[in-house]
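For reference, the structure discussed in these notes is given below.
Just so you know, all these numbers are worked out from the coordinates, no wet-lab data involved. Source: prediction; values computed, not measured. Reconstructed Cβ throughout: ideal geometry from the backbone, glycine too, with neighbour counts over all protein chains shown.
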Amino acid sequence: PRPILLTRHGESMDNVRGRIGGDTELSEAGKVYSKKLANFVEKRLKSERAASIWTSTLQRTILTASPIGGFPKIQWRALDEIYAGVCDGMTYEEIKKNMPEEYEARKKDKLRYRYPRGESYLDVIQRLEPVIIELERQRAPVVVISHQAVLRALYAYFADRPLKEIPHIEVPLHTIIEIQMGVTGVQEKRYKLMD
Ligand code: G3H
């Protein structure tokens, strides 16, 4: 069995400010996580010469991967965070205040709700198909460093969780979810590297 390690990027400046989307750098805590993650990955995948690190094309995942040495890194646009369209860069409070109909519509059906000029969870799930195909094809371990919405969808695929749960699955910051695919099914371990 070979592991797939899923993790969100380290805390970003937008996470600190409560803004969605964007393309900011890591906070101090996020930088600490990137180093702890590198330590963990280098130990965990020590003798795995064919392993690789996959990130999105957004700075916060690329910076989170940057301290990891010894493995090739691949950027996938399909791993970018759900795109919030006109709401990109706003806080949830601002959306609630300035676009209450949008806020309510999303609350009612988070899975299908599509941000104006942006994406829905269903859109994200669809664009992840090539990533999933490639993950299934890999024989070596893969570390996927991505974003909350995307990882909810990826995790649901491997953990066999129903579609309607996807937008609500908890994927905490600074935690590695290790998925092992063996003959007896899928096993999961979590490593919380920081509080
Ligand atoms: O920036 C986007 C968030 O990571 C997605 O979270 O779908 O719960 O709003 P949400």
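Residue by residue, the stretch 166-179 carries 3J(HN,Hα) couplings of 3, x, 10, 5, 7, 10, x, 5, 6, 9, 9, 9, 9, 10 Hz when phi is fed to the Karplus relation 6.51 cos²θ - 1.76 cosθ + 1.60 (θ = phi - 60°); x denotes Gly or Pro. By the count of other C-beta atoms within 10 Å, a proxy for reagent exposure, D88, D195, D109 are ordered fewest to most as D195, D109, D88. Beta bridges per DSSP, both residues in the chain: antiparallel share near 55 percent. Within the same chain, aspartates and glutamates fewer than 8 places from K189 are excluded, and of the rest, those with a Cα less than 15 Å from its Cα are E170, E178.
Across all Cα atoms of the stretch 1-47, the radius of gyration (one decimal) and Dmax (whole number) stand at 13.2, 40 Å. Each Lys and Arg contributes +1 and each Asp and Glu -1, all at the Cβ; summed about the Cα centre of the chain, the dipole is approximately 500 debye.
For the residues T64, T184, T55, a GNM of the chain with alpha-carbon springs under 10 Å puts the largest fluctuation on T184. In this structure, the pairs whose alpha-carbon distance is over 23 Å, taken from K97/K192; K43/K192; K108/K164, are K97/K192. Per-residue 3J(HN,Hα) values for the stretch 132-147, derived from phi via the Karplus relation 6.51 cos²θ - 1.76 cosθ + 1.60 with θ = phi - 60°, read 5, 4, 5, 5, 5, 7, 5, 9, 9, x, 10, 9, 9, 10, 9, 10 Hz in sequence order (x marks Gly and Pro). Pairs of Cα atoms nearer than 8 Å and 6+ residues apart set the relative contact order; for the stretch 58-195 it is 21 percent.
Pick from M181, M99, M13: which residue has the top mean-square fluctuation in a GNM of the chain where Cα pairs under 10 Å get a spring? With Cα springs under 10 Å in the chain, the top fluctuation among M181, M99, M13 is at M99. Inter-label distance, D160 to Q180: 1.7 nm, where each label sits 7 Å from its Cα along the C-beta direction.
Amide H of Q138 versus every other amide H placed in the peptide plane: which residues, excluding those fewer than 5 positions away on the same chain, fall under 5 Å? Answer set, sorted by chain and number: none. Each stretch of four or more DSSP H residues adds -39500 (n - 2.57); spread over every residue of the chain, this sum gives -10500 deg cm²/dmol at 222 nm.
Springs between alpha-carbon pairs under 10 angstrom, Gaussian network model over the chain: which of T24, T175, T61 fluctuates most? Fluctuation is largest for T24.
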